[in-house]
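Heads up: the structure comes next, in structure tokens.
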Amino acid sequence: MPHLRFRAVSVDTLQQISTPLLADLCALTGGKPEFVTMEVIDSIRVRAGQRETGSPFVELVWFERPQEMQDAAAALITRHLKAALGEETYVVVQVLPIVKSQYYSNGEHY
């Protein structure tokens, strides 16, 4: 934990930022790298009958954290994406907190 799902981000871009992003997230949360997952969700955006490129959209799924940590995580995800894609890139980070008792690992809840 955390789990990051990237939309409108290429696999190449995620590979480029994954190592420093992982290091920064672990430094922020005190978590272990082996518990962080990052995945690219292949999706197609459509508006008015036409395909649309869209801006990077990241879902950050993790156990509920203090607002300051949540803000810092969103900022560092944004910073890494902008460094790879350009400062003009518009980045959205959606935080999806999980209640520990509703998260199961190998059949056991936290």
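Computed from the C-beta positions of Gln16 and Lys100, the FRET efficiency with R₀ = 30 Å rounds to 0.40.
Net charge around Pro56, counting only other residues with Cβ within less than 10 Å of its Cβ (Lys, Arg = +1; Asp, Glu = -1)? Counting the neighbours of Pro56, the net charge comes to +2. The DSSP beta bridges internal to the chain are antiparallel in roughly 50% of cases. Taking every DSSP helix (H) stretch of at least 4 residues in the chain, weighting each as -39,500 (n - 2.57) and dividing the sum by the residue count yields a mean residue ellipticity at 222 nm of -12000 deg cm²/dmol.
Pair-distance distribution of segment 22-63: all C-alpha pairs, bin width 10 Å, starting at 0; shares per bin in whole percent are 21, 39, 22, 15, 3. How much net charge surrounds Val11 when only other residues with a Cβ under 12 Å from its Cβ are counted (Lys, Arg +1; Asp, Glu -1)? Net local charge, Val11 excluded: -3.
When Ser10, Ser18 are compared by accessible area at a 1.4 angstrom probe, the order from most to least is Ser10, Ser18. If I fit a long axis through the Cα atoms of helix 67-85 and take the longest principal axis of the Cα atoms of the chain, what angle between them do I get, 0 to 90°, rounded to 10? In the chain, helix 67-85 runs at an angle near 40 degrees to the longest axis. The share of Cα pairs per 5 Å bin across the chain, counted from zero up to the longest distance, runs 2, 11, 21, 24, 18, 12, 7, 4, 1, 0 percent.
The values are calculated or read from the model by the stated rules, or taken from the named source; none is laboratory data. Note that this is a predicted model, so its numbers are computed, not measured. A quick note on method: Cβ atoms are made from the backbone with ideal geometry, for glycine too, and the neighbour counts reach across all protein chains shown. SASA here: full protein model, heavy atoms, side chains in, ligands and nucleic acids out. Shrake-Rupley method; radii C 1.70, N 1.55, O 1.52, S 1.80 Å.
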